[in-house]
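Next up is a structure, given as structure tokens.
The values are calculated or read from the model by the stated rules, or taken from the named source; none is laboratory data. None of the values given here were measured: they were computed from a predicted structure. Cβ placement follows ideal geometry from the backbone for every residue including glycine, while neighbour counts extend to all protein chains displayed.
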Amino acid sequence: MLTNPGQLKKRCTFLEWNSAQDGTDLRDEYKVLFSTWCKLEPTGALTYWFGKVQLDTEVTHRITVRRTERTKPEKLTSQIVVEVDGARFKILRSSDLEGAERFTVLDCALEEPDGS
């Protein structure tokens, strides 16, 4: 069943992530790309089995956005993060919801604050 656009109730901001040299350290820099409406869902712990080996994944949340030229799955790379309600999410995978080319689904990992 396709997502109802009325479920996109949270504002999210897409940011381009970069590391910059800061003396002997690296510091993260973020540049705002655009904002849009989204649906944010926690996924719970996901565990996959590959043969007899258990593979844990980092996916903590699923973010759904309306598909536009900027939110096509192939345009959302690992250099882009998403902020929702002050929390920052790293994009692990992106795909088209049910192949309908109406919504893009992002499997994301919640980033821990750096403590600074």
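What number of residues in the range 1-29 are out of contact with any Asp or Glu (no Cβ under 7 Å at 6 or more places or on another chain) and either at pLDDT 90 or above or within 22 Å of Q79 (Cβ to Cβ) (or both)?
So the count comes out to 12.
Restricting to the range 30-64, what's the tally of residues that are in contact with a helix residue (DSSP H, G or I) (Cβ under 9 Å, 6 or more places away or on another chain) and at pLDDT below 90? Explain how you work it out, then say what you get.
The first filter runs over the range 30-64 and keeps only residues in contact with a helix residue (DSSP H, G or I) (Cβ under 9 Å, 6 or more places away or on another chain), leaving 37, 39, 64.
Pick out the ones that are also at pLDDT below 90 and you get none.
Qualifying residue count for the region: 0.
Would you mention how many residues in the range 90-114 are over 17 Å from F14 (Cα atoms), in a loop (DSSP other than H, G, I, E, B) and either touching a residue at least 24 places away in the same chain (Cβ under 8 Å) or of a type in the set (V, I, T) (or both)?
Number of matching residues: 4.
Give me the pairs: first residue in the range 36-49 and among the basic types (K, R) and surrounded by 12 or more Cβ atoms within 10 Å (Cβ to Cβ), second residue part of a strand (DSSP E or B) and modelled with pLDDT of 55 or more, beta-carbon distance under 9 Å, and six or more apart or on different chains, which are they?
Pairs that qualify, where the first residue is among the basic types (K, R) and surrounded by 12 or more Cβ atoms within 10 Å (Cβ to Cβ) and the partner is part of a strand (DSSP E or B) and modelled with pLDDT of 55 or more, are K39/K10; K39/R62; K39/I63; K39/T64; K39/V65; K39/F103.
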